[in-house]
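Notes to accompany the following structure.
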Amino acid sequence: MPYKAEYLWLDGSTPSARLRSKTKIVENGESPPIWGFDGSSTQQAAGDNSDVVLSPVLSVPDPIRGGSNVLVMTETLLTDMKPHPTNTRAACAASSEKYGDFDTWFGIEQEYTFFDGAAPLGWPPDGFPAPQGDYYCGVGADVIFGRDIVEAHMDACLEAGLHIAGINAEVMPGQWEFQIGPVGTPRVADELWIARWLLGRIAEDYGVTASFAAKPVQGDWNGAGAHTNFSTKQMRSGYDACVAAAEALGKNAAEHIANYGAGIEDRLTGRHETASYKEFSYGVSDRGASVRIPWQVARDKKGYIEDRRPNANVDPYVATRLIIDTVCGDASK
Ligand code: ADP
Ligand code: MN
Ligand code: MN
Ligand code: MN
């Protein structure tokens with residue numbers, strides 16, 4: 001029997017790309033081939049030259065449809081098979097290969113917010129819930145909203161074979177987190193995009209949307225980030241390389257901030273467990289710093305560092321590529 005291949009790709013939406021997908025029926029025994037779509041409907045082409053190519057990069061079991069069906073992460077190409085201008089994966093793969101000796105790993109903490117209509121899930125239709133304090137990692141129907149969806153999503157990620165590392169309820173009610181990694185590049189970003197798609201798809205069945213907005217509610221409410229934990233082979237075996245990585249990030253802070261997701265100034269205010277986007281800092285255990293060195297890393301004198309700046313709406317192909325270029329580029333000088 002033929003099987004269903006759901007092809008996923010990043011569109012041309014600005015300032016943040018969105019996921020699109022469509023289904024191809026593939027003959028039993030064949031792998032998902034190169035395919036295409038109408039780029040004039042996704043801000044990726046003009047109507048008179050509309051064909052954009054979908055080139056598969058990672059196929060995983062489809063936990064929604066089950067059976068032999070698959071999800072296919074793709075990258076977009078022009079018809080001459082060169083990367084489409086909106087393809088951010090190609091440069092990520094190139095940097096990862098250029099600095100292959102560093103064997104870079106990433107673990108990304110994806111925060112997000114469920115919305116029920118115009119308000120976050122569980123919020124009163126008018127006004128606000130009780131202030132933050134009891135929601136993070138809480139239990140009970142007065143503080144937890146959407147756990148069924150979160151559990152279904154975690155199971156789906158496991159069935160798809162993604163490197164999901166865990167989940168937790170976040171500081172703002174209706175806000176959650178899952179982590180993907182540690183895993184190499186560009187695979188970590190391929191998997192994160194698939195996990196984002198699964199979240200949106202599963203939440204559909206509950207009539208809920210999963211928002212990756214960086215500051216979904218203005219005021220005294222936490223924003224949503226994508227803390228990006230990073231290590232090289234050298235960092236995993238020595239502390240000096242961890243400190244050098246944090247220092248290197250400080251030398252190129254403006255470029256990172258400019259590429260860490262739309263609306264970053266609204267989120268990196270210096271409040272709500274963030275450092276101001278205007279100043280770079282790093283420190284051991286410091287959740288008010290741009291970059292945190294986890295306490296176990298300081299104790300063990302080896303490990304990884306956490307870049308706390310990327311927004312929930314960051315493109316992980318862009319963030320991981322920048323971190324590799326900045327840190328490995330500096331270490332290669
Ligand atoms: P936090 O305390 O900031 O909430 P989390 O437990 O949510 O931390 O996420 C930390 C992430 O760090 C893990 O999910 C894992 O993927 C990642 N990580 C662990 N070790 C490494 C490593 N050596 N290199 C890169 N990432 C790592
Ligand atoms: Mn976390
Ligand atoms: Mn978090
Ligand atoms: Mn974190």
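The values are calculated or read from the model by the stated rules, or taken from the named source; none is laboratory data. Nothing here was measured: the structure is a model prediction, and the numbers come from that model. Cβ placement follows ideal geometry from the backbone for every residue including glycine, while neighbour counts extend to all protein chains displayed. With ligands, DNA and RNA removed, areas are computed over all heavy atoms of the protein, side chains included. Shrake-Rupley method; radii C 1.70, N 1.55, O 1.52, S 1.80 Å.
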Check: Can you name the condition, by its number, that Met73 falls short on among (1) farther than 30 Å from Phe230 by Cα; (2) part of a strand (DSSP E or B)?
Finding: (1)
Note to self: Residue under question is Ala213, and the condition is that it be within 15 Å of ligand 2 (Cβ to nearest atom) and within 14 Å of the chain's Cα centre (by Cα); does it hold?
What the structure shows: no
Item checked: Some residue of the range 35-55 being in contact (Cβ under 8 Å) with a residue 40 or more places away in the chain, out of contact with any Phe, Trp or Tyr (no Cβ under 7 Å at 6 or more places or on another chain), aliphatic (A, V, I, L, M) and within 30 Å of Ala165 (Cβ to Cβ) -> no
Next item on the list: Working only within the range 98-108, note down all residues that are part of a strand (DSSP E or B) and open to solvent by less than 30 Å² (accessible area, probe 1.4 Å).
Entry: Phe106, Gly107, Ile108
Check: So, of the residues in the range 120-176 that are away from ligand 2 (no atom under 15 Å from the Cβ) and of a type in the set (Phe, Trp, Tyr), which turns out to be nearest to Leu192 (Cα to Cα)?
Finding: Phe145
Check: Does the range 138-154 contain any residue that is under 24 Å from Thr228 (Cα atoms) and in contact with a Gly (Cβ under 9 Å, 6 or more places away or on another chain)?
Finding: yes
Checklist line | Only one of His272, His256 that is of a type outside the set (A, V, I, L, M, F, W, C) and surrounded by 20 or more Cβ atoms within 10 Å (Cβ to Cβ) | finding: His256
Check: Can we say Glu191 is at pLDDT 95 or above and either over 17 Å from the mean Cα position of the chain (by Cα) or surrounded by fewer than 22 Cβ atoms within 10 Å (Cβ to Cβ) (or both)?
Finding: no
Item checked: Matching residues in the range 273-311 - criterion: being of a type outside the set (D, E, K, R), under 19 Å from the mean Cα position of the chain (by Cα) and more than 17 Å from Pro182 (Cα to Cα) -> Thr274, Ser290, Val291, Asn311
Check: From the set of residues in the range 282-291 that are in contact (Cβ under 8 Å) with a residue 24 or more places away in the chain and either open to solvent by 40 Å² or more (accessible area, probe 1.4 Å) or within 12 Å of Gly225 (Cβ to Cβ) (or both), which is nearest to ligand 3 (Cβ to nearest atom)?
Finding: Ser290
Check: Within the range 117-175, can you find the residues that are within 16 Å of ligand 4 (Cβ to nearest atom), β-branched (Val, Ile, Thr) and either assigned to a loop (DSSP other than H, G, I, E, B) or more than 26 Å from Pro63 (Cα to Cα) (or both)?
Finding: Val171
Next item on the list: Kindly indicate whether Tyr112 is assigned to a strand (DSSP E or B) and under 17 Å from the mean Cα position of the chain (by Cα).
Entry: yes
Item checked: Members of the range 34-44 that are under 23 Å from Asn313 (Cα atoms) and either of a type in the set (A, V, I, L, M, F, W, C) or open to solvent by less than 20 Å² (accessible area, probe 1.4 Å) (or both) -> Gly39, Thr42, Gln44
Notebook entry, point to check: What is the number of the single condition among (1) surrounded by fewer than 24 Cβ atoms within 10 Å (Cβ to Cβ); (2) modelled with pLDDT of 95 or more that Gln218 does not meet?
Noted result: (2)
Margin query: Please pick out the residue among Pro61, Pro125, Pro120 that is surrounded by fewer than 18 Cβ atoms within 10 Å (Cβ to Cβ) and under 21 Å from the mean Cα position of the chain (by Cα).
Written below: Pro61
Notebook entry, point to check: Considering Ser55, Ser21, Ser31, Ser68, which residue is of a type in the set (Gly, Ala, Ser), assigned to a strand (DSSP E or B) and open to solvent by 30 Å² or more (accessible area, probe 1.4 Å)?
Noted result: Ser21
Next item on the list: Would you check which residues across the range 176-212 are assigned to a loop (DSSP other than H, G, I, E, B) and within 15 Å of ligand 3 (Cβ to nearest atom) and list them?
Entry: Phe212
Next item on the list: Determine whether the range 167-174 contains at least one residue that is more than 16 Å from ligand 1 (Cβ to nearest atom) and buried (at least 23 other Cβ atoms within 10 Å of the Cβ).
Entry: yes
